[in-house]
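Colleague: I'd like to ask some things about the structure below.
The values are calculated or read from the model by the stated rules, or taken from the named source; none is laboratory data. Every value quoted in this text rests on a predicted model; they were computed, and no experiment measured them. Please note: Cβ atoms are built from the backbone with ideal geometry, for glycine as well, and neighbour counts cover all protein chains shown.
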Amino acid sequence: MKFVKIQLPKTLSLAITGLKANKTRTALSMLGIVIGVAAVIVIVSVGQGLRVLIVDQINVFGENMMSVQVKVPGSDYGASLQSMVEGTVITTLKYDDVEAVRDKKRFPYIKAVSGYAAGMEWATYQEKEKQVMFIASDAYYPDVDGQLKVAQGRYFTNEEERGMAKVAVIGSAVADKFFGEENPIGKQIKIKKINFKIIGVVADRGMIMTFDYDNLVYLPLKTSQKLITGVDHLVEFAMVMEDDQHFAQAKAEISQLLRERHNISDPSKDDFEVMSMDQIVEIVNTVTGVISLLLGLLAAISLLVGGVGIMNIMLVIVAERTREIGLRKALGARQKDILNQFVTEAVLISVFGGLIGIIFGIFISLVVTLAVRAYDFDWPFVVSFEAIIIAFIVAAGFGIVFGWWPAKKAAKLNSIEALRYE
């Protein structure tokens, strides 16, 4: 059996021979490209994985949900959030607004409405203590939070909430911390030195993003406002629609109702924001997309650094191989031949560096995915083929761009002076 020996083009063969002559230098030249390509792939992969994770976890609450949140009048939603983080308090959203939206005659397409607030407090039982987040809600909260399932006991009633009963429903992590194998139902925990009788334990929910739903305590809204927070306003209330076809209608009609109740004539001065689930998802996609883009651009800088490294190495190669260049030109090699050889070497460095970078990028993305999943996050393994293609093309382009000048310098060397070079 005869094997056919494939003859490579002369320029390519010379370029490969030149790179093999100093493998360490060639490897170091590729390193910047490898790191740059891998970084771009990993960052885009992590960004897209984070986006999918957040959107999936938001959709856990139901695609037919809407919410009304307080907003700083005259500002957009993003600026309003920043203002509230910095300490601005909006007190105009009341529970009476929730009751008004619960009007079935005016809003027949709304299945359920619940008003609630949240805060952090220390809870104690005998000698044990634990910092918990509490949700102060009305009795309708389980109707809008479809993931809330009471495993033991029950949720508090409308009569208990209106009567400011001192009752509590606790998350599974709170129950484990305070009671272990004991039955918590009927026992009392203290929150802000006030005794609350435990009437229910919520089934395990786990974490959504970094929020631990098992570390929650649910309190009646009126009780919390009177005894814990000392305020009579809400920051948000949620609604479940019959279907998503009513989002636009609901937004317009609820906005009109709240403007009437809050004496607002100019919509630009709204002190509230009506948002549907798809709007929240859109905001998440926008934010994570911008973050991924910025991080990707930062990673691309390493590609640029790798390209500059190729140029520096190629200049060194030209200096070291001056006599070789002179000899080739003396034997009849043209400037074009010398130029093509050195450009080809630079491109090969970039191409092979890009291919290795792609392999490393995919591998590191997989490792990141497995590491995050080890912490019970349902993190998806996402590899962006667009990012791979773009990073590879940019890497190859840098090989041509940054290899051109050293190659041109080599091509212009005088053959006699090159032969005399020491």
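Colleague: Any idea which of (1) touching a Lys or Arg at 6+ places or on another chain (Cβ under 6 Å); (2) assigned to a strand (DSSP E or B) is the one Gln152 doesn't satisfy?
Modeller: (1)
Colleague: If you don't mind, there's one more thing I want to ask. Out of the range 354-369, which residues are touching a residue at least 24 places away in the same chain (Cβ under 8 Å) and not aliphatic (A, V, I, L, M)?
Modeller: First, pick out the residues of the range 354-369 that are touching a residue at least 24 places away in the same chain (Cβ under 8 Å): 354-358, 360-362, 364-365, 368-369.
Once the filter is applied, which keeps residues that are touching a residue at least 24 places away in the same chain (Cβ under 8 Å) and not aliphatic (A, V, I, L, M), the range 354-369 yields Gly354, Gly357, Phe360, Gly361, Ser365, Thr369.
Colleague: Kindly check whether there is at least one residue in the range 158-167 that is within 14 Å of Pro142 (Cα to Cα) and in a strand (DSSP E or B).
Modeller: No, the range 158-167 contains no residue that is within 14 Å of Pro142 (Cα to Cα) and in a strand (DSSP E or B).
Colleague: Regarding the range 171-194, can at least one residue be identified that is at pLDDT 90 or above, over 19 Å from Leu221 (Cβ atoms), in contact with a helix residue (DSSP H, G or I) (Cβ under 7 Å, 6 or more places away or on another chain) and among the polar types (S, T, N, Q)?
Modeller: The answer is yes, given that some residue of the range 171-194 is at pLDDT 90 or above, over 19 Å from Leu221 (Cβ atoms), in contact with a helix residue (DSSP H, G or I) (Cβ under 7 Å, 6 or more places away or on another chain) and among the polar types (S, T, N, Q).
Colleague: Any idea which residue in the range 78-106 is modelled with the lowest pLDDT, counting only those that are part of a loop (DSSP other than H, G, I, E, B) and of a type in the set (A, V, I, L, M, F, W, C)?
Modeller: If we filter the range 78-106 for residues that are part of a loop (DSSP other than H, G, I, E, B), which is where we start, we get 86-94, 102-106.
If we keep only those that are of a type in the set (A, V, I, L, M, F, W, C) as well, we get 89-90, 93.
Numbers: Val89: 76, Ile90: 79, Leu93: 89.
Top of the filtered list is Val89.
Colleague: For the list (1) surrounded by fewer than 19 Cβ atoms within 10 Å (Cβ to Cβ); (2) at pLDDT 90 or above; (3) more than 16 Å from Leu221 (Cβ to Cβ), I need the number of the one condition that Ala139 fails.
Modeller: It fails just one condition, (3).
Colleague: Shifting gears a bit: Could you tell me how many of the residues in the range 371-390 are surrounded by 11 or more Cβ atoms within 10 Å (Cβ to Cβ) and either touching a Leu at 6+ places or on another chain (Cβ under 7 Å) or closer than 19 Å to Met207 by Cα (or both)?
Modeller: Let us first name the residues in the range 371-390 that are surrounded by 11 or more Cβ atoms within 10 Å (Cβ to Cβ), namely 371-373, 377-384, 387-390.
Those left that are additionally either touching a Leu at 6+ places or on another chain (Cβ under 7 Å) or closer than 19 Å to Met207 by Cα (or both): 371-373, 377-381.
Residues meeting the conditions: 8.
Listed here are the residues, each with its yes/no results for (1) closer than 22 Å to Met207 by Cα; (2) in contact (Cβ under 8 Å) with a residue 60 or more places away in the chain.
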{"position": "Tyr116", "(1), (2)": "yes, yes"}
{"position": "Gln126", "(1), (2)": "no, no"}
{"position": "Tyr140", "(1), (2)": "no, no"}
{"position": "Gln152", "(1), (2)": "yes, no"}
{"position": "Arg162", "(1), (2)": "no, yes"}
{"position": "Ala168", "(1), (2)": "yes, no"}
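Colleague: Go through the residues of the range 158-176 one by one and say whether even a single one is buried (at least 16 other Cβ atoms within 10 Å of the Cβ), closer than 30 Å to His246 by Cβ and of a type in the set (Ser, Thr, Tyr).
Modeller: No, the range 158-176 contains no residue that is buried (at least 16 other Cβ atoms within 10 Å of the Cβ), closer than 30 Å to His246 by Cβ and of a type in the set (Ser, Thr, Tyr).
Colleague: Among the residues in the range 308-328, are any assigned by TED's automatic domain parsing to the domain that holds Ala38, touching a helix residue (DSSP H, G or I) at 6+ places or on another chain (Cβ under 9 Å), more than 25 Å from Lys23 (Cα to Cα) and at pLDDT 70 or above?
Modeller: Within the range 308-328, none of the residues are assigned by TED's automatic domain parsing to the domain that holds Ala38, touching a helix residue (DSSP H, G or I) at 6+ places or on another chain (Cβ under 9 Å), more than 25 Å from Lys23 (Cα to Cα) and at pLDDT 70 or above.
Colleague: If you check Ile54 against the conditions, is it assigned to a helix (DSSP H, G or I), surrounded by 18 or more Cβ atoms within 10 Å (Cβ to Cβ) and either out of contact with any Pro (no Cβ under 9 Å at 6 or more places or on another chain) or at pLDDT 70 or above (or both)? I'd like the intermediate steps shown before the answer.
Modeller: Details: assigned to a helix (DSSP H, G or I): yes; surrounded by 18 or more Cβ atoms within 10 Å (Cβ to Cβ): yes; either out of contact with any Pro (no Cβ under 9 Å at 6 or more places or on another chain) or at pLDDT 70 or above (or both): yes.
Yes; evaluated as a whole, the condition is true for this residue.
Colleague: A follow-up question, please. Scan the helices (runs of 4 or more DSSP H) fully inside the range 172-283 and keep the ones with 3 or more residues being outside the structural domain of Glu161 (by TED's automatic domain parsing) and farther than 23 Å from Lys94 by Cβ. Don't jump to the end; show me each part of the working.
Modeller: On the way: elements: 172-179, 221-224, 247-261.
Answer list for the range 172-283: none.
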